[in-house]
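For reference, the structure is listed below as structure tokens.
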Amino acid sequence: MNRPLLLRNGKAVLARYFVLGFLFSLPISVLADRNDVLTEDDYLGDVPVVLSATRLKQPRSDAPAAITVIDRKMIEASGAIEIPDLFRLVPGFQVLRDEDQRIAVTYHGFSDNLARRLQVLIDGRSVYSPFLGGVDWVNLPIAIEDIERIEVIRGPSSATYGSNAFLAVVNIITRHPLESKGNTLVTTTGDLGTRKVLYRQGGAAGKFAYRFSVGYREDEGILNLHDGKEINLLTFRGEHQFDAKNTLDIQFGVNNGDQQTGDGSQSNPFRGTKTKTNFQQVLWRHIVSNDEEFTIQFYRNYTDLKDEYIATIVPFSLLNIESYTTERFNLEFVHKLKPSRNLRLVWGAETRLDRNRAEGWFNTKKYRSNNTKRLFANAEWSFHPKWIMNAGAMVEDNTYTGTNLSPRV
């Protein structure tokens, strides 16, 4: 008598589970269908645009390279204090330290302690050191709070930015003065003696907008390593809008840093180094029309490093001088135009003078100079609604390596 009742109850339970499962599955299915429907943001939201791939403004989907963009929201969400830590978010990038506790950033590991094949720009100004053959990330005259976005081109870009861009390009774009109005104070404290203070003021007076930042940071470095540092920073950016077609952008900055280095061996003892860095940059932009503009940019970079110590190589003790002074002067002209509805062009010329002085390396107090001249062009041709062709080339002449051609299609 009880068996039919149990079967009937079992069927009833199964039926209830089936109904509940069906009901719970309905919102998920509806949500999945709604995700496939275009919303207002898809039509009115910002289209991801990049500037670095070909020197032309392009949707990221049209750029002829793999590009990672680190925007302001991502920078704040990362919690990074040092700029190199941001590149841990980029596919294929590695951040490391060498035996002197210097930070290096490289792509796919194709580097030693200095990434010679990675071009790094700040607002179009190369910070690649002509003496080191790399970038001194610790002493860059820029605060991470002043960065608006970072565009990382993950691939060869020598046709656009020269031989240093053989593997990748990092273009750091700072915040416009009009985006930094008012007073801002940022303080950070943490373990291992981490202390950081930044004060920024931005404003406008008539047609002139400005932003300046003053900062200080220090830390004891990584535990059990001799890599503490103390950095002072001052930067300024101003933009004067003469009229609707002419703009002058002025920037300068100073960075003074004391840093611990060495691994404690007799040939590389613990010691401190002093670095002084400054730069000046001027850019004039003239807009001819919606489809044509000219820019002329001049900048100067200067770095002075003091690093002297006694190295013991039994049975001798030697005074090792690794101090150096490096200076760069760069002048660049760029012309962007749109000759037809489906064709956009950018071309330009650049001349550069690098001067290096290092008595311990060159056995002379005189400067060693290197002159570089470049001529480049890039074209974007939309010959079909679904097809775009990008082509470009750069001719580069160097005092030491001669003339080289870097094409790209």
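The values are calculated or read from the model by the stated rules, or taken from the named source; none is laboratory data. On a predicted model such as this, the values are computed, not experimentally measured, just so you know. Neighbour counts run over all protein chains shown; Cβ positions are idealised from the backbone, glycine included.
Look at the stretch 323-334 and say how many of its residues are of a type outside the set (S, T, N, Q), buried (at least 16 other Cβ atoms within 10 Å of the Cβ) and at pLDDT 95 or above.
First pass over the stretch 323-334, keeping only residues of a type outside the set (S, T, N, Q): 324, 327-329, 331-334.
Checking the rest, the ones that are also buried (at least 16 other Cβ atoms within 10 Å of the Cβ) come to 324, 327-328, 332, 334.
Those still in the list that are at pLDDT 95 or above too: 327-328, 332, 334.
Residues meeting the conditions: 4.
A quick yes/no check of all residues on (1) surrounded by fewer than 17 Cβ atoms within 10 Å (Cβ to Cβ); (2) in contact with a helix residue (DSSP H, G or I) (Cβ under 7 Å, 6 or more places away or on another chain); (3) not in a strand (DSSP E or B):
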residue	(1), (2), (3)
V197	yes, no, no
V214	yes, no, no
I222	yes, no, yes
F236	yes, no, no
Q260	no, no, no
D263	yes, no, yes
S267	yes, no, yes
K276	yes, no, no
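(1) in contact with a Phe, Trp or Tyr (Cβ under 8 Å, 6 or more places away or on another chain); (2) more than 24 Å from E148 (Cα to Cα): which one isn't true of F242, the others all being true?
So the condition that F242 fails would be (1).
Of the residues T160, T184, which is farther than 25 Å from D258 by Cα, in contact with a Gly (Cβ under 7 Å, 6 or more places away or on another chain) and either in a loop (DSSP other than H, G, I, E, B) or among the β-branched types (V, I, T) (or both)?
Answer to the selection: T160.
Just to be sure before I move on: is K276 among the basic types (K, R), under 30 Å from W381 (Cα atoms) and at pLDDT 95 or above in the structure I sent?
So K276 does not fit the description; no.
All but one of (1) assigned to a helix (DSSP H, G or I); (2) under 18 Å from A65 (Cα atoms); (3) under 14 Å from the mean Cα position of the chain (by Cα) hold for R88; state the number of the condition that does not hold.
Failing condition for R88: (2).
Does F376 meet the test of being out of contact with any helix residue (DSSP H, G or I) (no Cβ under 8 Å at 6 or more places or on another chain) and either at negative phi or not assigned by TED's automatic domain parsing to the domain that holds I231 (or both)?
No; evaluated as a whole, the condition is false for this residue.
Can you pull out every residue in the stretch 58-109 that is within 19 Å of Q260 (Cα to Cα) and of a type outside the set (A, V, I, L, M, F, W, C)?
Answer for the stretch 58-109, where residues must be within 19 Å of Q260 (Cα to Cα) and of a type outside the set (A, V, I, L, M, F, W, C): E82, P84, R97, D98, E99, D100, Q101, R102.
Sort through R117, R149 and tell me the only one that's of a type in the set (D, E, K, R), touching a Phe, Trp or Tyr at 6+ places or on another chain (Cβ under 7 Å), assigned by TED's automatic domain parsing to the domain that holds R211 and touching a residue at least 40 places away in the same chain (Cβ under 8 Å). Break it down stepwise before answering.
Working: R149 fails: touching a Phe, Trp or Tyr at 6+ places or on another chain (Cβ under 7 Å).
Just a single option satisfies the conditions, and that option is R117.
Inspect all residues belonging to the stretch 136-157 and state whether any of them is at positive phi, surrounded by fewer than 23 Cβ atoms within 10 Å (Cβ to Cβ), more than 13 Å from the chain's Cα centre (by Cα) and part of a loop (DSSP other than H, G, I, E, B).
Looking through the stretch 136-157, at least one residue is at positive phi, surrounded by fewer than 23 Cβ atoms within 10 Å (Cβ to Cβ), more than 13 Å from the chain's Cα centre (by Cα) and part of a loop (DSSP other than H, G, I, E, B).
Can you name the number of the only condition in (1) crowded, with 18+ Cβ neighbours inside 10 Å; (2) over 26 Å from H286 (Cα atoms); (3) in contact with a Phe, Trp or Tyr (Cβ under 7 Å, 6 or more places away or on another chain); (4) not small (G, A, S) that D307 fails?
(3)
Need a quick list: strands (runs of 3 or more DSSP E) entirely within the stretch 283-340 having at least 2 residues that are assigned by TED's automatic domain parsing to the domain that holds Q241 and closer than 20 Å to E239 by Cα. Walk me through it before giving the result.
Working: elements: 292-306, 308-313, 316-321, 324-340.
In the stretch 283-340, the matching strands (runs of 3 or more DSSP E) lie at 292-306, 324-340.
Got at least one residue in the stretch 46-57 being of a type in the set (K, R) and either at pLDDT below 65 or not in a loop (DSSP other than H, G, I, E, B) (or both)? Break it down into steps so the answer makes sense when it comes.
Residues of the stretch 46-57 of a type in the set (K, R): 55, 57.
Those left that are additionally either at pLDDT below 65 or not in a loop (DSSP other than H, G, I, E, B) (or both): none.
The answer is no, given that none of the residues of the stretch 46-57 is of a type in the set (K, R) and either at pLDDT below 65 or not in a loop (DSSP other than H, G, I, E, B) (or both).
For residues that are of a type in the set (F, W, Y) and more than 25 Å from the chain's Cα centre (by Cα), tally how many sit in the stretch 185-210.
The qualifying residues number 1.
Can you tell me how many residues within the stretch 348-397 are among the aromatic types (F, W, Y), surrounded by fewer than 17 Cβ atoms within 10 Å (Cβ to Cβ) and assigned to a strand (DSSP E or B)?
Looking only at that region, the number is 3.
Are any residues in the stretch 386-409 farther than 9 Å from P64 by Cβ and not hydrophobic (A, V, I, L, M, F, W, C), and if so, which ones?
Those that are farther than 9 Å from P64 by Cβ and not hydrophobic (A, V, I, L, M, F, W, C): K386, E396, D397, N398, T399, Y400, T401, G402, T403, N404, S406, P407.
Does the stretch 69-77 contain any residue that is modelled with pLDDT under 85, under 15 Å from A168 (Cβ atoms) and either outside the structural domain of A115 (by TED's automatic domain parsing) or surrounded by 15 or more Cβ atoms within 10 Å (Cβ to Cβ) (or both)?
no
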